[in-house]
Amino acid sequence: MMLKQFDKVSTREKIAIRAEREIVSGSYVNLGIGMPTKVANYIQADKKVILQSENGLLGIGRFPDKHEVDPDLINAGKETVTAVTGAAYFSSAESFAMIRGEHLDLAILGGMEVSESGDLANWMIPGKMIKGMGGAMDIVHGAKKIVIIMDHLTRHGEPKILKECQLPLTGKNVVDRIITDRAVIDVTKDGFVLQETAQGWTIDEVKESTGAKLHVSKQLIEEAF
Amino acid sequence: MKEIYQTFTEAIEKMEDGATIMVGGFGLVGIPENLILALVESNVKHLTVVSNNCGVDDWGLGLLLKNHQIDRMIGSYVGENKAFERQVLSGELKVELVPQGTLSERIRAGGAGIPGFYTPAGVGTPLAEGKEIRSFEGKDYLLETALKSDFSLIRAAIGDKHGNLQYAKTAQNFNPMMAAAGKVTIAEVEQVVETGRIDPAYIHTPGIYVDGIIEGKQEKRIERLTVQQED
């Protein structure tokens, strides 16, 4: 296989920009910690979106200017933020009631592995210090649609999209869609379905780098992002 | 009407070795800073601590860890603390990791007279081992049980002499549920005001859950200062 080199930063940016297209105007969305948080930077100005932060904020705003930093106002990644006009603050119990009660339209989360039945592993690697799952195990059961964004392969070049997850699960049968640097793949009752390939990747290359059977959608869009 | 403490030492003097305590906060936001410092000073040992996180190495609950006062920690994310890892690996510290929503609901249940509840969080994961699974309308749920504490140490922005509390922004987090789940609840507030000064319609935690309050100046350390990039 031809060796391709992509700049890591631009790859992440590419995933974030593609993930932004999952966000429908008028929806309530939870963005996971890390790369998913950055999707917020790409939300188009004409979309009206309310971002939820599981530490008790509905309506996350932009990062503050230096003079408006409020130490009592953070997102779930513990970064200082602002709140939008029309935001609401509430307790953690209220926040997760809102999450488990399926009031959020979409959650975009990071992933380590996804299986063809939609199992997600993203919280622990056996043998490594376990830091905790935070809110991930609740969120995967809450939002109406769960989109996982991640690199297509591990740092060691192994597939992360698998027939069965090898790592301990975060949730079983929870993922709807995966967006990687190479493709957009849906989890369906018939298994993985390739919906889009990214620029620079052929269908065969995506299939080769996926650790499970990959059906190709009749509506496949090539070089979609 | 409520005990208004003058010193933090006095506020926690009934706490004994082996107590189960709940400590409010998410990261370092909304933690009862001075009550934690007084706990370090008191040197009470063998604590079971229920808190979403465990502070950082030199602030918040990290100070209790450093002083080897915690035997068992129940939380959802403990990754900001190096002493934590060392003590877990050496076997000194036992950890129970709980999904954040399950943690907040277990505490809420504890204060609300509900012994247990079913939640989808954790089904099919290592957390489900040994737990009752029950199916409702074709979907599986785990039985989780309530959490209560001997002492809940919480933080609010404003408190009146009836113990009514109001929180600031995202400093609310786990504090209201912990207030209700404590056999004894001590609220550290940024400002004690005369009763009647807080509009009853805007009280977050009604005074019935609070046993004592104390005013304390907060440092409010910021874990991740993130600001707009200047162009």
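What's the angle, to the nearest 10 degrees (0 to 90), between helix B:100-112's Cα axis and the longest principal axis of chain B?
Taking Cα atoms only, the helix is inclined about 60 degrees.
For residue B:68, tell me the accessible area in Å² from a 1.4 Å probe, rounded to the nearest 10.
For residue B:68, solvent-accessible area is about 90 Å².
Within region B:29-137, which trypsin sites (Lys or Arg not before Pro) sit in a loop by DSSP and count at most 15 neighbouring Cβ atoms inside 10 Å?
Qualifying residues, ordered by number: B:45, B:131.
Take the solvent-accessible surface of the protein heavy atoms, probe 1.4 Å, and return the percent of it on region A:3-221 that carbon and sulfur atoms account for.
51
Given a cut-off of 28 Å, what percent of all Cα-Cα pairs of chain B lie beyond it?
Working: 8347 of 26565 pairs.
Value for chain B: 31 percent of Cα pairs lie more than 28 Å apart.
Tell me the mean residue ellipticity at 222 nm calculated for chain A from its helices only (DSSP H runs of n ≥ 4, each -39500 (n - 2.57), averaged over every residue, nearest 500).
-4000 deg cm²/dmol
Just the Kirkwood number for region A:3-221, please: inverse of mean 1/r across all distinct Cα pairs, in Å, one decimal.
About 18.0 Å, per the Kirkwood formula over Cα pairs.
Which whole number gives the average count of other chain Cβ atoms within 10 Å of the Cβ atoms across peptide B:17-29?
Per residue, the average neighbour count from other chains is 2.
Protein chains only, probe 1.4 Å: how do A:154, A:82 rank by accessible area, largest first?
A:154, A:82
Across peptide A:65-75, how many C-beta atoms of other chains are within 10 Å of each residue C-beta, on average?
On the way: counts 3, 4, 1, 2, 4, 7, 14, 13, 5, 13, 3.
Average per residue, whole number: 6.
Pairs A:38/A:160; A:131/B:161; A:128/B:14; A:128/B:139; B:94/B:183: which are spaced more than 30 Å apart, C-alpha to C-alpha?
The answer is A:131/B:161; A:128/B:14; A:128/B:139.
Tell me, which residues of region A:98-126 get at least 30 Å² less accessible area when the other protein chains come in, versus the chain alone (1.4 Å probe)?
Listed by number, the residues meeting the 30 Å² cut-off are A:100.
On a 32 Å Cα-Cα criterion, which of the cross-link pairs A:14/A:48; A:14/A:78; B:148/B:217; A:47/A:218; B:2/B:82; B:2/B:45 come out too long?
B:2/B:82
Cut-off 10 angstrom, C-alpha nodes, Gaussian network model of chain B. Which of B:151, B:26, B:136 fluctuates the most?
Sorting by GNM fluctuation, first place goes to B:136.
Report, as an integer, the average count of C-beta atoms from other chains found within 10 Å of each Cβ along A:82-93. Numbers along the way, then the final one.
Working: counts 1, 2, 0, 0, 0, 1, 0, 8, 6, 13, 19, 14.
Mean shielding by partner chains, rounded to a whole number: 5.
Before I look further, what does chain A give for accessible area per residue, probe 1.4 Å, in whole square angstrom?
Heavy-atom SASA per residue in chain A reads 45 Å².
In nm, give the distance between the simple-model label positions of residue A:45 and residue A:88, each being 7 Å from the Cα along the Cα-to-Cβ direction.
Inter-label distance under the simple model: 2.9 nm.
Report the accessible surface area buried between chains A and B, summing both sides, using a 1.4 Å probe on protein heavy atoms only, in Å² rounded to the nearest 100. Walk me through the numbers on the way to the answer.
Values: alone 12100 and 12030 Å², together 20250 Å².
Counting both chains, the buried surface is close to 3900 Å².
Whole number please: convex hull volume per residue, Cα atoms of the protein assembly as shown, in Å³.
Expressed per residue, the convex hull around the Cα atoms of the protein assembly as shown is 156 Å³.
In region B:1-105, what GluC sites (Glu not before Pro) fall in a loop by DSSP, with at most 14 other Cβ atoms inside 10 Å?
When the GluC sites (Glu not before Pro) of region B:1-105 are filtered for loop state and at most 14 Cβ neighbours within 10 Å, B:13, B:16, B:92 remain.
Angle between the Cα long axis of helix A:8-20 and the longest principal axis of chain A, 0 to 90 degrees, nearest 10?
70
Order A:156, A:103, most accessible first, counting only protein heavy atoms with a 1.4 angstrom probe.
A:156, A:103
Which far-off residues, 5 or more places away or on another chain, put their amide H under 5 Å from the one on residue B:80, with H placed in the peptide plane?
Correct list: B:54.
How far apart, in nanometres, would the label points at residue A:203 and residue A:219 be if each is projected 7 angstrom from Cα along the Cα-to-Cβ direction?
Rounded to a tenth, the inter-label distance reads 1.7 nm.
Of all the accessible heavy-atom surface of chain B, with the other protein chains kept in place and a 1.4 Å probe, what percent is carbon and sulfur? List each step's numbers first, then the result.
On the way: 4870 of 10100 Å².
The C+S portion of the solvent-accessible surface of chain B is 48 percent.
Please work out whether region A:40-98 counts as rounded, prolate or oblate from its C-alpha gyration tensor, where a ≥ b ≥ c are the square roots of the eigenvalues and a/c under 1.5 means rounded, while otherwise a/b larger than b/c means prolate and anything else oblate?
oblate
Per residue in region B:153-185, which ones lose no less than 50 Å² of accessible surface when going from chain alone to all protein chains (1.4 Å probe)?
B:169, B:170
Kindly provide the GluC sites (Glu not before Pro) of region A:1-103 that DSSP labels as loop, not H, G, I, E or B, and whose Cβ sees at most 14 other Cβ atoms within 10 Å.
A:102
Taking only protein heavy atoms and a 1.4 Å probe, what accessible area per residue, in Å², does chain B have with all protein chains in place? Mind showing how you got there, number by number?
Details: 10100 Å² over 231 residues.
Result: 44 Å² of accessible area for each residue.
The values are calculated or read from the model by the stated rules, or taken from the named source; none is laboratory data. Keep in mind that what you see is a predicted model, and the values were worked out from it rather than measured. Virtual Cβ from ideal backbone geometry, glycine too; neighbours counted across all protein chains shown. Side chains are part of the model used for accessible areas, which takes the heavy atoms of the whole protein and leaves out ligands, DNA and RNA. Shrake-Rupley method; radii C 1.70, N 1.55, O 1.52, S 1.80 Å.
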